[in-house]
1. Just checking, how many residues over the stretch B:1-23 are over 21 Å from A:VAL76 (Cβ atoms) and within 14 Å of chain A (Cβ to nearest Cβ)?
2. Look at A:GLU298 and say whether it is part of a helix (DSSP H, G or I), in contact (Cβ under 8 Å) with a residue 40 or more places away in the chain and within 21 Å of A:ILE345 (Cβ to Cβ).
3. Tell me the residue from A:GLU175, A:GLU167, A:GLU144 that is acidic (Asp, Glu) and open to solvent by less than 30 Å² (accessible area, probe 1.4 Å), please.
4. Among A:ALA18, A:ALA46, A:ALA109, which is modelled with pLDDT under 95 and open to solvent by less than 50 Å² (accessible area, probe 1.4 Å)?
5. Here is a list of conditions, (1) free of Cβ contacts under 8 Å to residues at least 40 places away in the same chain; (2) over 21 Å from A:ASP326 (Cβ atoms); (3) open to solvent by 20 Å² or more (accessible area, probe 1.4 Å); (4) part of a helix (DSSP H, G or I), and A:LEU222 meets all of them except one; can you say which number that is?
6. Of all residues being more than 26 Å from A:ASP75 (Cβ to Cβ) and touching a residue at least 24 places away in the same chain (Cβ under 8 Å) in the stretch A:1-16, which is farthest from the chain's Cα centre (by Cα)? Just the residue, please.
7. Considering only the stretch A:66-158, give the helices (runs of 4 or more DSSP H) lying wholly within it that have at least 3 residues that are within 19 Å of the chain's Cα centre (by Cα).
Amino acid sequence: MTIKAVALISGGLDSLLAAKLIQHQGIEVVGINFFTGFCVEGHTHAIRNREGSRPKRNNALWVAEQLGIKLHIIDVVEEYKNVVINPRHGYGANLNPCLDCKIFMIGKAREWIAQHGFDFIITGEVNGQRPKSQLRRFMPQVAEESGADDLLLRPLCAKNLPPTRPELEGWVDREQLKDFSGRSRKPQMALAAEFGFEDYAQPAGGCCFLTDKTYSVKLQDLWDNRGRREYELDDIMLLKVGRHIRPSSAFKLIIAREEGETRYLSGYRKQFQTIKTVSHGGPLALIEGAQLDPQQLELACAITGRFSQGRDAESVEFEFSDHNQDLHSVNVKPLRPAQIDPEWIIL
Amino acid sequence: MSDVVELDARRLLCPMPVIRLQDCINQQAPGTRVEITCTDPGTLHDIPTWCRLNGHRVLATTEQQDDYIFLVHKDADAS
Ligand code: SF4
């Protein structure tokens with residue numbers, strides 16, 4: 001009988017090593033990767049740097065390629081909303097619901113192995129690696145609440161934990177598993193060198209944008225201003241792009257910071273009111289909110305003008321496209337830096 | 001020649017174009033060709049990689065203005 005395991009592949013070194021340790025024992029491994037919409041991918045890079053630099057690789061695909069395994073990327077955007085909006089176990093330092101997130105993903109993997117006739121699940125978790133989310137006492141909780149129970153094996157720290165079914169059944173040799181713990185990356189780096197892996201993704205403070213303070217502030221602002229904790233995929237993608245400025249509760253401006261962002265935001269022209277600088281070079285701005293009244297429109301243009309080449313001009317011409325995509329010409333003097341209230345800028 | 005299934009993944013950022021392709025391919029019979037049009041330059045890397053890993057072939061890659069067009073063949077032995 002061939003024993004088959006599914007590995008949760010985040011794209012980081014830990015998931016690469018965990019899968020490799022099991023593959024090394026002659027077990028067939030297939031990868032799954034969950035797309036939540038918050039994943040740290042080359043999005044900002046893809047948006048901002050079209051020309052010139054090399055496109056950024058998808059790390060999960062890269063890991064799968066190193067391992068020579070199939071990778072299934074699963075779109076969980078809709079289901080994941082409930083994890084972000086109503087985490088039973090609360091948030092970490094920012095809007096990252098890490099414990100609920102792990103329970104959710106491992107629960108999805110549990111469903112997947114049942115549907116596809118696989119035997120167990122592997123993750124690259126290491127106990128004590130991050131505060132809160134991976135403390136030792138949370139490990140059994142994740143296994144239990146996800147429904148994976150003893151079918152969840154963490155090869156990098158298995159020796160610190162009670163034996164799981166793959167070990168008890170003799171599918172996996174526990175002796176060859178690891179006892180890593182804590183925040184040091186040295187054991188992982190040594191193991192990577194042993195397996196000959198180079199050029200792996202360096203951990204950068206978490207596997208998703210929800211651990212990022214600035215991003216979390218923008219998401220919280222979105223919820224506060226809508227009066228509802230909800231989002232669509234476009235909302236969370238747009239939080240990755242541009243300057244976000246909210247001069248009043250009635251509307252928010254998303255102002256491109258460079259050419260690539262202008263091009264990306266242009267794709268949303270039909271869904272938003274937009275402001276484009278006509279008389280000078282300048283960015284495109286999307287306006288999120290109800291139809292602007294004349295005063296709001298003037299302010300929105302004056303702010304946008306601040307980021308155009310006409311920032312010091314007495315008057316700048318803008319083209320405003322309203323919700324019906326009817327075009328209006330507006331002439332306004334851009335705001336001076338001191339006129340931009342720091343409170344408006346959503347950081 | 002069988003027909004080509006067309007997929008529009010313009011404006012989608014990686015890995016969404018890959019997910020679209022994967023979900024489409026999974027529903028097709030072996031031998032089917034799928035043409036996917038993307039705008040994220042990351043797809044130049046990700047689509048061939050995904051195809052390689054999952055046992056499908058990229059028959060052609062074309063760049064047309066801002067679009068990247070991949071013609072993918074679903075191979076018989078891939079699941
Ligand atoms: S950092 Fe993000 S993806 Fe990783 S466990 Fe926390 S919420 Fe989930």
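1. At the first step, the residues of the stretch B:1-23 found to be over 21 Å from A:VAL76 (Cβ atoms) are B:1-6, B:8, B:10.
Within this subset, residues satisfying the condition of being within 14 Å of chain A (Cβ to nearest Cβ) are B:8, B:10.
So the answer is 2.
2. Values: part of a helix (DSSP H, G or I): yes; in contact (Cβ under 8 Å) with a residue 40 or more places away in the chain: no; within 21 Å of A:ILE345 (Cβ to Cβ): yes.
Against the criterion (part of a helix (DSSP H, G or I), in contact (Cβ under 8 Å) with a residue 40 or more places away in the chain and within 21 Å of A:ILE345 (Cβ to Cβ)), A:GLU298 does not qualify.
3. Values: A:GLU175 fails: open to solvent by less than 30 Å² (accessible area, probe 1.4 Å); A:GLU144 fails: open to solvent by less than 30 Å² (accessible area, probe 1.4 Å).
Checking each option against the conditions leaves just A:GLU167.
4. Values: A:ALA18 fails: modelled with pLDDT under 95; A:ALA109 fails: modelled with pLDDT under 95.
One residue alone meets the criteria, A:ALA46.
5. So the condition that A:LEU222 fails would be (3).
6. So the first thing to find is which residues in the stretch A:1-16 are more than 26 Å from A:ASP75 (Cβ to Cβ), and the list is A:1-3.
Filter once more, keeping what is touching a residue at least 24 places away in the same chain (Cβ under 8 Å): A:2-3.
Working: A:THR2: 35, A:ILE3: 32 Å.
If we take residues in the stretch A:1-16 being more than 26 Å from A:ASP75 (Cβ to Cβ) and touching a residue at least 24 places away in the same chain (Cβ under 8 Å), then A:THR2 is farthest from the chain's Cα centre (by Cα).
7. Working: elements: A:77-85, A:98-116, A:138-146.
Ranges flagged: A:77-85, A:98-116.
Yes or no, residue by residue, for (1) of a type in the set (Phe, Trp, Tyr); (2) within 13 Å of chain A (Cβ to nearest Cβ); (3) open to solvent by less than 20 Å² (accessible area, probe 1.4 Å):
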site	(1), (2), (3)
B:ILE25	no, yes, yes
B:ARG33	no, no, no
B:THR43	no, yes, yes
B:PRO48	no, yes, no
B:ALA60	no, no, no
B:GLU63	no, yes, no
B:ASP66	no, yes, no
B:PHE70	yes, no, yes
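The values are calculated or read from the model by the stated rules, or taken from the named source; none is laboratory data. In this text, all values refer to a predicted model and were calculated from it rather than measured experimentally. FYI the Cβ positions are ideal-geometry reconstructions off the backbone, even for glycines, and counts take in every protein chain you see. Ligands, DNA and RNA are excluded from the accessible area calculation, which covers all protein heavy atoms including side chains. Shrake-Rupley method; radii C 1.70, N 1.55, O 1.52, S 1.80 Å.
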